[in-house]
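The values are calculated or read from the model by the stated rules, or taken from the named source; none is laboratory data. Everything numeric in this text was worked out from a predicted model, so none of it was measured. Here the Cβ is made from the backbone with ideal geometry for all residues, glycine too, and neighbour counts use every protein chain on show. What goes into the accessible areas is simple: the full protein's heavy atoms, side chains included, and nothing from ligands, DNA or RNA. Shrake-Rupley method; radii C 1.70, N 1.55, O 1.52, S 1.80 Å.
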Amino acid sequence: EHLTRIDTLRSIIISCAATLRLAERHGDEARRLAEECTCPRRREELLELSRICHKVPALRAETLHEAVQALWLTHLAVYLECEDVAFSFGQMDQYLNPFYQADLQAGRIDREGALELIGCLWIKIYENVFGGLGHVQTVTVGGVTPQGEDGVNEMTWIIWETTRELMNVGPSVATRCHRDMDEECLRYLLEMVRDGRYMPQVYNDETMVPALVSKGVAIEHARQYGLIGCHEPTICG
(Lines give C-alpha, C1' and ligand atoms only; values in the text may rest on other atoms or scores of the structure.)
Protein backbone atom coordinates (compact mmCIF):
# COMPACT_ATOMS: atom_id res chain seq x y z
CA GLU A 1 0.00 0.00 0.00
CA HIS A 2 2.77 2.45 0.91
CA LEU A 3 4.66 1.64 -2.29
CA THR A 4 1.53 2.40 -4.29
CA ARG A 5 1.21 5.77 -2.58
CA ILE A 6 4.88 6.54 -3.26
CA ASP A 7 4.46 5.68 -6.94
CA THR A 8 1.37 7.90 -7.10
CA LEU A 9 3.21 10.85 -5.55
CA ARG A 10 6.18 10.36 -7.88
CA SER A 11 3.87 10.33 -10.89
CA ILE A 12 2.23 13.55 -9.69
CA ILE A 13 5.64 15.20 -9.36
CA ILE A 14 6.61 14.08 -12.87
CA SER A 15 3.33 15.41 -14.29
CA CYS A 16 3.73 18.78 -12.55
CA ALA A 17 7.32 19.08 -13.77
CA ALA A 18 6.15 18.29 -17.31
CA THR A 19 3.50 21.02 -17.10
CA LEU A 20 6.09 23.56 -15.98
CA ARG A 21 8.36 22.53 -18.83
CA LEU A 22 5.45 22.95 -21.25
CA ALA A 23 5.01 26.51 -19.99
CA GLU A 24 8.74 27.21 -20.33
CA ARG A 25 8.71 25.94 -23.91
CA HIS A 26 5.87 28.33 -24.73
CA GLY A 27 7.90 31.12 -23.14
CA ASP A 28 11.00 30.19 -25.13
CA GLU A 29 9.06 30.14 -28.40
CA ALA A 30 7.45 33.52 -27.67
CA ARG A 31 10.90 35.00 -27.05
CA ARG A 32 12.24 33.48 -30.29
CA LEU A 33 9.33 34.96 -32.24
CA ALA A 34 9.90 38.33 -30.56
CA GLU A 35 13.52 38.37 -31.72
CA GLU A 36 12.37 37.86 -35.31
CA CYS A 37 9.46 40.30 -35.13
CA THR A 38 9.72 43.65 -36.92
CA CYS A 39 6.50 45.15 -35.47
CA PRO A 40 7.36 46.95 -32.21
CA ARG A 41 3.89 46.47 -30.71
CA ARG A 42 3.76 42.76 -31.52
CA ARG A 43 7.31 42.31 -30.28
CA GLU A 44 6.34 43.86 -26.95
CA GLU A 45 3.33 41.51 -26.72
CA LEU A 46 5.51 38.46 -27.38
CA LEU A 47 8.08 39.49 -24.80
CA GLU A 48 5.34 39.96 -22.21
CA LEU A 49 3.91 36.56 -23.10
CA SER A 50 7.38 35.03 -22.73
CA ARG A 51 7.74 36.60 -19.28
CA ILE A 52 4.36 35.28 -18.18
CA CYS A 53 4.97 31.74 -19.42
CA HIS A 54 8.28 31.64 -17.55
CA LYS A 55 6.40 32.69 -14.39
CA VAL A 56 3.11 30.74 -14.33
CA PRO A 57 1.94 28.23 -13.37
CA ALA A 58 5.16 27.66 -11.43
CA LEU A 59 4.58 30.82 -9.39
CA ARG A 60 1.40 32.55 -8.23
CA ALA A 61 -0.41 34.67 -10.81
CA GLU A 62 -0.70 38.36 -9.89
CA THR A 63 -2.56 39.81 -12.88
CA LEU A 64 -5.55 38.77 -14.98
CA HIS A 65 -3.29 37.99 -17.93
CA GLU A 66 -1.09 35.78 -15.77
CA ALA A 67 -4.14 34.04 -14.28
CA VAL A 68 -5.68 33.34 -17.70
CA GLN A 69 -2.37 32.03 -19.04
CA ALA A 70 -1.86 29.76 -16.01
CA LEU A 71 -5.43 28.50 -16.39
CA TRP A 72 -4.96 27.69 -20.06
CA LEU A 73 -1.58 25.96 -19.66
CA THR A 74 -2.79 23.68 -16.87
CA HIS A 75 -6.01 22.89 -18.75
CA LEU A 76 -3.98 22.11 -21.88
CA ALA A 77 -1.62 19.85 -19.93
CA VAL A 78 -4.53 17.83 -18.56
CA TYR A 79 -6.04 17.39 -22.01
CA LEU A 80 -2.71 16.38 -23.55
CA GLU A 81 -2.44 13.64 -20.94
CA CYS A 82 -6.03 12.41 -21.23
CA GLU A 83 -8.00 13.55 -24.25
CA ASP A 84 -11.70 13.14 -25.03
CA VAL A 85 -12.69 13.36 -21.35
CA ALA A 86 -14.77 16.11 -19.78
CA PHE A 87 -12.54 18.52 -17.86
CA SER A 88 -14.33 21.70 -16.89
CA PHE A 89 -13.22 25.12 -15.67
CA GLY A 90 -15.42 25.48 -12.59
CA GLN A 91 -16.67 28.89 -11.45
CA MET A 92 -14.46 30.97 -13.70
CA ASP A 93 -16.11 34.30 -12.89
CA GLN A 94 -15.53 33.77 -9.16
CA TYR A 95 -11.80 33.03 -9.32
CA LEU A 96 -10.88 35.45 -12.14
CA ASN A 97 -12.80 38.48 -10.90
CA PRO A 98 -10.36 39.32 -8.05
CA PHE A 99 -7.50 39.51 -10.59
CA TYR A 100 -9.62 41.73 -12.85
CA GLN A 101 -10.59 44.05 -10.01
CA ALA A 102 -6.96 44.35 -8.86
CA ASP A 103 -5.86 45.17 -12.42
CA LEU A 104 -8.58 47.80 -12.75
CA GLN A 105 -7.56 49.48 -9.50
CA ALA A 106 -3.88 49.44 -10.49
CA GLY A 107 -4.60 50.78 -13.98
CA ARG A 108 -3.10 47.72 -15.65
CA ILE A 109 -6.18 46.90 -17.71
CA ASP A 110 -9.57 48.24 -18.77
CA ARG A 111 -12.79 46.41 -19.61
CA GLU A 112 -11.94 46.16 -23.31
CA GLY A 113 -8.60 44.59 -22.44
CA ALA A 114 -10.32 42.02 -20.23
CA LEU A 115 -12.81 41.22 -23.00
CA GLU A 116 -9.92 40.64 -25.38
CA LEU A 117 -8.14 38.32 -22.94
CA ILE A 118 -11.21 36.19 -22.36
CA GLY A 119 -11.88 36.20 -26.09
CA CYS A 120 -8.38 34.86 -26.73
CA LEU A 121 -8.97 32.14 -24.14
CA TRP A 122 -12.29 31.23 -25.80
CA ILE A 123 -10.50 30.84 -29.15
CA LYS A 124 -7.90 28.51 -27.62
CA ILE A 125 -10.66 26.44 -26.02
CA TYR A 126 -12.44 26.29 -29.38
CA GLU A 127 -9.22 24.97 -30.93
CA ASN A 128 -9.52 22.07 -28.49
CA VAL A 129 -12.96 21.38 -29.99
CA PHE A 130 -11.90 21.86 -33.59
CA GLY A 131 -8.79 19.72 -33.10
CA GLY A 132 -10.81 16.87 -31.66
CA LEU A 133 -9.40 16.95 -28.14
CA GLY A 134 -12.67 17.48 -26.35
CA HIS A 135 -15.80 19.58 -26.67
CA VAL A 136 -17.27 19.28 -23.18
CA GLN A 137 -15.18 22.05 -21.60
CA THR A 138 -17.73 23.81 -19.43
CA VAL A 139 -17.39 27.21 -17.74
CA THR A 140 -19.78 27.91 -14.84
CA VAL A 141 -20.87 31.45 -13.94
CA GLY A 142 -23.43 33.15 -11.73
CA GLY A 143 -25.31 31.41 -8.94
CA VAL A 144 -24.99 32.12 -5.25
CA THR A 145 -21.85 32.57 -3.17
CA PRO A 146 -20.95 30.30 -0.23
CA GLN A 147 -22.81 32.84 1.94
CA GLY A 148 -25.95 32.52 -0.19
CA GLU A 149 -25.64 35.95 -1.83
CA ASP A 150 -25.84 36.75 -5.55
CA GLY A 151 -22.57 35.70 -7.19
CA VAL A 152 -22.89 37.64 -10.46
CA ASN A 153 -19.92 40.01 -10.83
CA GLU A 154 -18.19 42.03 -13.54
CA MET A 155 -16.31 38.99 -14.82
CA THR A 156 -19.65 37.17 -15.22
CA TRP A 157 -20.75 39.89 -17.65
CA ILE A 158 -17.44 39.76 -19.52
CA ILE A 159 -17.82 36.00 -19.96
CA TRP A 160 -21.44 36.36 -21.13
CA GLU A 161 -20.56 39.08 -23.62
CA THR A 162 -17.56 37.19 -24.98
CA THR A 163 -19.67 34.09 -25.49
CA ARG A 164 -22.42 36.03 -27.23
CA GLU A 165 -19.97 37.85 -29.49
CA LEU A 166 -17.86 34.89 -30.64
CA MET A 167 -20.59 32.20 -30.90
CA ASN A 168 -17.97 29.45 -30.59
CA VAL A 169 -18.94 25.81 -30.09
CA GLY A 170 -16.84 25.79 -26.96
CA PRO A 171 -16.54 26.48 -24.22
CA SER A 172 -19.96 25.50 -22.97
CA VAL A 173 -21.10 28.27 -20.63
CA ALA A 174 -23.39 27.18 -17.80
CA THR A 175 -25.21 29.99 -16.01
CA ARG A 176 -26.59 29.33 -12.54
CA CYS A 177 -29.81 31.20 -11.70
CA HIS A 178 -31.61 31.75 -8.39
CA ARG A 179 -34.65 33.62 -7.03
CA ASP A 180 -32.69 36.75 -6.05
CA MET A 181 -30.90 37.12 -9.39
CA ASP A 182 -31.11 40.62 -10.84
CA GLU A 183 -33.78 41.06 -13.52
CA GLU A 184 -31.22 42.62 -15.87
CA CYS A 185 -29.21 39.37 -15.78
CA LEU A 186 -32.26 37.22 -16.47
CA ARG A 187 -33.30 39.47 -19.34
CA TYR A 188 -29.83 39.25 -20.86
CA LEU A 189 -29.88 35.45 -20.62
CA LEU A 190 -33.28 35.32 -22.28
CA GLU A 191 -32.01 37.56 -25.07
CA MET A 192 -29.18 35.08 -25.67
CA VAL A 193 -31.69 32.24 -25.77
CA ARG A 194 -33.78 34.21 -28.26
CA ASP A 195 -30.69 34.64 -30.46
CA GLY A 196 -30.92 30.89 -31.14
CA ARG A 197 -27.22 30.42 -30.51
CA TYR A 198 -25.25 27.63 -28.90
CA MET A 199 -25.25 29.16 -25.43
CA PRO A 200 -26.30 29.65 -22.68
CA GLN A 201 -27.11 26.59 -20.61
CA VAL A 202 -29.20 27.55 -17.58
CA TYR A 203 -29.37 25.81 -14.19
CA ASN A 204 -31.56 26.43 -11.16
CA ASP A 205 -29.75 26.86 -7.82
CA GLU A 206 -33.08 26.50 -6.01
CA THR A 207 -33.10 22.85 -7.11
CA MET A 208 -29.42 22.02 -7.50
CA VAL A 209 -28.13 23.22 -4.13
CA PRO A 210 -30.73 21.37 -1.99
CA ALA A 211 -30.22 18.23 -4.10
CA LEU A 212 -26.47 18.26 -3.37
CA VAL A 213 -27.08 18.95 0.32
CA SER A 214 -29.46 15.97 0.45
CA LYS A 215 -26.53 13.79 -0.65
CA GLY A 216 -24.39 14.94 2.26
CA VAL A 217 -22.57 17.89 0.68
CA ALA A 218 -21.94 20.80 3.06
CA ILE A 219 -24.10 23.81 2.20
CA GLU A 220 -21.13 26.13 1.54
CA HIS A 221 -19.68 23.58 -0.90
CA ALA A 222 -23.03 22.88 -2.54
CA ARG A 223 -23.39 26.61 -3.21
CA GLN A 224 -20.12 26.48 -5.16
CA TYR A 225 -21.11 23.67 -7.51
CA GLY A 226 -19.95 23.73 -11.10
CA LEU A 227 -21.12 21.89 -14.21
CA ILE A 228 -18.89 19.26 -15.74
CA GLY A 229 -19.31 17.33 -18.96
CA CYS A 230 -22.72 17.83 -20.48
CA HIS A 231 -24.88 18.74 -17.48
CA GLU A 232 -23.51 17.05 -14.35
CA PRO A 233 -23.22 19.19 -11.17
CA THR A 234 -20.01 18.63 -9.23
CA ILE A 235 -18.15 20.16 -6.30
CA CYS A 236 -15.44 22.49 -7.59
CA GLY A 237 -11.87 21.69 -6.62
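Quick notes on this one:
- Of all residues in the range 94-101, at least one satisfies being of a type outside the set (A, V, I, L, M, F, W, C), more than 14 Å from the chain's Cα centre (by Cα), within 30 Å of residue 144 (Cα to Cα) and open to solvent by 30 Å² or more (accessible area, probe 1.4 Å).
- Test: residue in the range 188-199 that is in contact (Cβ under 8 Å) with a residue 24 or more places away in the chain, in contact with a His (Cβ under 9 Å, 6 or more places away or on another chain) and within 19 Å of residue 139 (Cβ to Cβ): no
- Within the range 18-47, considering residues that are of a type in the set (A, V, I, L, M, F, W, C) and closer than 15 Å to residue 69 by Cβ, the one surrounded by the most Cβ atoms within 10 Å (Cβ to Cβ): 23
- The lone criterion from (1) within 14 Å of the chain's Cα centre (by Cα); (2) hydrophobic (A, V, I, L, M, F, W, C); (3) buried (at least 17 other Cβ atoms within 10 Å of the Cβ); (4) modelled with pLDDT of 95 or more left unmet by residue 120 is number (3).
- Residue check for residue 81: charged (D, E, K, R), without any contact (Cβ under 8 Å) to a residue 24 or more places away in the chain and farther than 25 Å from residue 208 by Cβ: no
This table checks each residue for (1) open to solvent by 10 Å² or more (accessible area, probe 1.4 Å); (2) at pLDDT 95 or above.
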| position | (1), (2) |
| --- | --- |
| 135 | yes, no |
| 138 | no, no |
| 150 | yes, yes |
| 153 | yes, yes |
| 157 | yes, yes |
| 163 | yes, no |
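- Residue among 217, 193 that alone is open to solvent by 80 Å² or more (accessible area, probe 1.4 Å) and either farther than 22 Å from residue 89 by Cα or of a type in the set (A, V, I, L, M) (or both): 193
- Of everything listed in (1) open to solvent by less than 10 Å² (accessible area, probe 1.4 Å); (2) under 20 Å from residue 72 (Cβ atoms); (3) not basic (Lys, Arg), the single unmet condition for residue 222 is (2).
- For residue 145, the requirement of being surrounded by 19 or more Cβ atoms within 10 Å (Cβ to Cβ), in contact (Cβ under 8 Å) with a residue 24 or more places away in the chain, out of contact with any Lys or Arg (no Cβ under 6 Å at 6 or more places or on another chain) and closer than 26 Å to residue 235 by Cβ is not met.
- Considering 50, 11, 15, the condition of being open to solvent by 30 Å² or more (accessible area, probe 1.4 Å), in a helix (DSSP H, G or I) and touching an Asp or Glu at 6+ places or on another chain (Cβ under 8 Å) is satisfied by 15 alone.
- Among the conditions (1) over 24 Å from residue 118 (Cβ atoms); (2) among the small types (Gly, Ala, Ser); (3) at pLDDT 95 or above, the only one that residue 11 does not satisfy is (3).
- Inspection of the range 56-64 finds a residue satisfying the criterion of being small (Gly, Ala, Ser) and open to solvent by 60 Å² or more (accessible area, probe 1.4 Å).
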